[in-house]
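Peer 1: Before anything else, here's the structure in question.
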Amino acid sequence: MTKGLLKIMTIKKLLISIVISSLLFGCAFQAGITRLPQAPLYSQTVTFGTMQYVPFLRFCDYYGLDWDWDLVSQRIKVKRGNDTLVLRPDSNLALLNKKSIKLDYPIEYKDGAAYIPIRTAVFVSQQVFGLEEKPALIAKRHQIKTIVIDPGHGGKDSGAKGRYGTREKHVVLDIAKRLKRDLEKKGFRVLLTRQKDIAVPLYKRAAFANERGVDFFISIHANASRYSQARGFEVYYPSDATDDGARALAAAENASLKFEEGEITKGENLATKTTVWDMQLNENRRESKEMAYYICNITADSLGLKKRGVKGARFVVLKGAFMPAILVEVGFLTNRREESKLKNASFRERIAKAISRSISTYEREYERTNGFSK
Ligand SMILES: [Zn+2]
């Protein structure tokens, strides 16, 4: 049981609804399933203990369900039409359109990813959302072989500055190089948009990836805030829906544009490409968001950093990339403790290794579930 749920309803109400939902859903669920569906989704499963699971995000892709994971409150929202189901890892209680329902087996959170027990997947798809097996809905997902790492800023554009004089452009270039080394050891082909302290216009960074047929684009940045207490790790994917904080950050990161004298005309050309980008956006956004969630979870957990979560924002550098693309803010240079951590080479190595592990975990899951994610 969670504090969050208790805020929504009193214990008494909760108990009543548990009883009612057990009657309504529990029995129907038990009686409703005589055999498991033959849908390709269920042909490859993962076993933990004695239970069989499918990766939760594959489940959502398969049925075309819209999802959102709030890493801070640990709630997963699944949407279809007007229906919203809120789930929490390890909890039998779920909220369907703000009313509590009971799941026989909760979703579980392992190794930076969420998994849904097959029986719960059948229950949610058939009885909660009334969906049929629809193999045609299986989402396409790209295999990741070539990655472009984009160290933010460079040259005249230093990016964020720390109290002790640490510059974002140096920190992110160092992390990018370390990340490249680690990913190459794992067999990925990796390219950097800049290898030294030079200015690279934002539109050229995305174009660099587009011209090389790259599978994944990751831009590395360090954060800044007026509030010296602000700290933590966050990951962004390209989106039009954005909150004020994300909008402010995008404005700050996009400010690199002002250093790009003489590149303004070309920058405008990028704007005319936005229609193409909008079309590409939806297809790539799902994968970008999924990867963002892996990176945020695994990296913040393994380094003990505050998880600020996964957010959508309009970053110019991501907007031009016609492939899944994310932007990582590794920490706040304006926070004393985080600045001194980021000044430390072994900490930068650990960040690089954790991001690398997130990418390979994501890729491994792709291979494991190849049977239904293609
Ligand atoms: Zn930056």
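The values are calculated or read from the model by the stated rules, or taken from the named source; none is laboratory data. Please read these numbers as outputs of a predicted model, since none were measured by experiment. Please note: Cβ atoms are built from the backbone with ideal geometry, for glycine as well, and neighbour counts cover all protein chains shown.
Peer 1: Only one of Ser219, Ser256 is within 16 Å of the ligand (Cβ to nearest atom), hydroxyl-bearing (Ser, Thr, Tyr), part of a helix (DSSP H, G or I) and in contact (Cβ under 8 Å) with a residue 40 or more places away in the chain. Can you tell me which? Step through it out loud before you land on a result.
Peer 2: Values: Ser219 fails: part of a helix (DSSP H, G or I).
Exactly one residue qualifies, and that residue is Ser256.
Peer 1: Is it true that Ser228 is within 16 Å of the ligand (Cβ to nearest atom) and of a type in the set (Gly, Ala, Ser)?
Peer 2: no
Peer 1: Pull up segment 141-177, narrow it to residues that are farther than 15 Å from Asn344 by Cα and of a type in the set (S, T, N, Q), then point me to the one that is farthest from the ligand (Cβ to nearest atom).
Peer 2: Filtering segment 141-177 for residues that are farther than 15 Å from Asn344 by Cα and of a type in the set (S, T, N, Q), the one farthest from the ligand (Cβ to nearest atom) comes out as Gln143.
Peer 1: Being out of contact with any strand residue (DSSP E or B) (no Cβ under 6 Å at 6 or more places or on another chain), modelled with pLDDT of 95 or more and surrounded by fewer than 20 Cβ atoms within 10 Å (Cβ to Cβ) narrows it down to one residue among Lys186, Lys156; which is it?
Peer 2: Answer to the check: Lys186.
Peer 1: Which of the residues spanning segment 93-118 are farther than 30 Å from Arg357 by Cα and crowded, with 19+ Cβ neighbours inside 10 Å?
Peer 2: Residues of segment 93-118 that are farther than 30 Å from Arg357 by Cα, as a first pass: 93-104.
Hits for segment 93-118 are Leu93, Ala94, Leu95, Ser100, Ile101, Lys102, Leu103.
Peer 1: Out of Ala251, Ala246, Ala271, Ala222, report the one residue that is hydrophobic (A, V, I, L, M, F, W, C), under 26 Å from Ala199 (Cβ atoms), at pLDDT below 80 and surrounded by 16 or more Cβ atoms within 10 Å (Cβ to Cβ).
Peer 2: Result: Ala246 is the single residue among Ala251, Ala246, Ala271, Ala222 that is hydrophobic (A, V, I, L, M, F, W, C), under 26 Å from Ala199 (Cβ atoms), at pLDDT below 80 and surrounded by 16 or more Cβ atoms within 10 Å (Cβ to Cβ).
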